[in-house]
1. Please sort by residue number the GluC sites (Glu not before Pro) in the range 1-36 whose DSSP state is loop and whose Cβ has at most 13 other Cβ atoms within 10 Å.
2. For CYS30, list long-range residues whose amide hydrogen, built 1.01 Å from N in the peptide plane, is under 5 Å from its own amide hydrogen.
3. Round to the nearest 0.05 the FRET efficiency obtained for VAL7 and ARG42 when R0 = 35 Å and r is the Cβ-Cβ distance.
4. Could you run the Karplus curve 6.51 cos²θ - 1.76 cosθ + 1.60 with θ = phi - 60° over the range 9-18 and give me ³J(HN,Hα) per residue in whole Hz, x for Gly and Pro?
5. From the backbone phi of the range 25-39, what are the Karplus-calculated ³J(HN,Hα) couplings (6.51 cos²θ - 1.76 cosθ + 1.60, θ = phi - 60°) in whole Hz, Gly and Pro given as x?
6. Which chymotrypsin sites (Phe, Trp or Tyr not before Pro) in the range 1-30 pass both tests, a DSSP loop state and at most 15 other beta-carbon atoms within 10 Å?
Amino acid sequence: MSLTDPVPATRAFACPRCEQQVEEAWYGPCTSCRQELRSHLRGEAHELAAADYVPKMNVTPNAVATKD
Ligand SMILES: [Zn+2]
């Protein structure tokens, strides 16, 4: 340990996703990959929410009404 040699805020490595040489604070997908993943995940979450919502509307059961 030496105060004259501080730990760098970022480290250089090859992004495990796009394999580009990047400098990031933590090892993992680079900033552009994280943005891509985030928008992709948000899109999926939106699709899932929509897919979950539509069946619930369709499920309004006629069976219950016809039981009467
Ligand atoms: Zn990347």
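1. When the GluC sites (Glu not before Pro) of the range 1-36 are filtered for loop state and at most 13 Cβ neighbours within 10 Å, GLU19 remain.
2. Under 5 Å from the amide H of CYS30 lie the amide H atoms of ARG17, CYS18, each far enough along the sequence or on another chain.
3. Computed FRET efficiency for VAL7 and ARG42 comes out at 0.60.
4. Once θ is set to phi - 60°, the couplings for the range 9-18 become 5, 10, 10, 9, 7, 8, 4, x, 9, 9 Hz.
5. For the range 25-39, the Karplus curve yields 5, 10, 5, x, x, 5, 4, 5, 5, 5, 5, 5, 4, 5, 5 Hz.
6. Filter output for the range 1-30: TRP26, TYR27.
Throughout, read-outs are computed from the coordinates displayed, never taken from laboratory work. As the structure is a prediction and not an experimental result, all values here were calculated from the model. Glycine also receives a Cβ, built like all others from the backbone with ideal geometry; neighbour counts cover every protein chain displayed.
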